[in-house]
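Just below is one structure, and these are the notes that go with it.
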Amino acid sequence: MILFCAGAFLLSACSGKHEGAARYRTNCGICHHNGEGMKGEIPPLIGRVDVIGATAEGRHYLADVLLNGLNGPLDIRGVHYNFSMPSFRNRLSDHEIASILTYLAARGDSERPPVFSADEIAAVRAHPLPTSAVAEERRRLDEIHRLP
């Protein structure tokens, strides 16, 4: 019985990771490629989502980005980006967004990357924002602790 439970847990963890990867490829990969982005056009995600998601404010911001989109100039790792990311509010469920963020966080260098839940995405979803407010949220967060 113990082996069965351990096997079920591992299968669940692997399928969750697989789902996040599949959802990322289908919804995000077309622009962000393998998470490396396109220098000067589309920001990289790998090595950033895990760091940004290490704080409660950062987790909230990442959920806002996927739910509400993001427009405007960003400076990331010394590279200037001026792009427009669409909202996934009406395209992806809370579970799907959580799986994408968890997948991206796991691809970073953090020893214990954050794991996102559908419940925390749902809480953020309850408060829609215009993309300009998401950009302002990023600016405020960046002033508190520099975002990668």
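The values are calculated or read from the model by the stated rules, or taken from the named source; none is laboratory data. Everything numeric in this text was worked out from a predicted model, so none of it was measured. Here the Cβ is made from the backbone with ideal geometry for all residues, glycine too, and neighbour counts use every protein chain on show.
Computed quantities for the displayed model
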{"item": "Selection status of residue 50, surrounded by 18 or more Cβ atoms within 10 Å (Cβ to Cβ), among the charged types (D, E, K, R) and closer than 20 Å to residue 138 by Cβ", "result": "yes"}
{"item": "Number of the exception - residue 10 against (1) modelled with pLDDT of 95 or more; (2) over 14 Å from the mean Cα position of the chain (by Cα); (3) loosely packed, with under 11 Cβ neighbours inside 10 Å", "result": "(1)"}
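Residue-wise test of (1) at pLDDT below 95; (2) of a type in the set (S, T, N, Q); (3) within 12 Å of residue 60 (Cα to Cα).
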| position | (1), (2), (3) |
| --- | --- |
| 83 | yes, no, no |
| 113 | no, no, no |
| 122 | no, no, yes |
| 145 | yes, no, no |
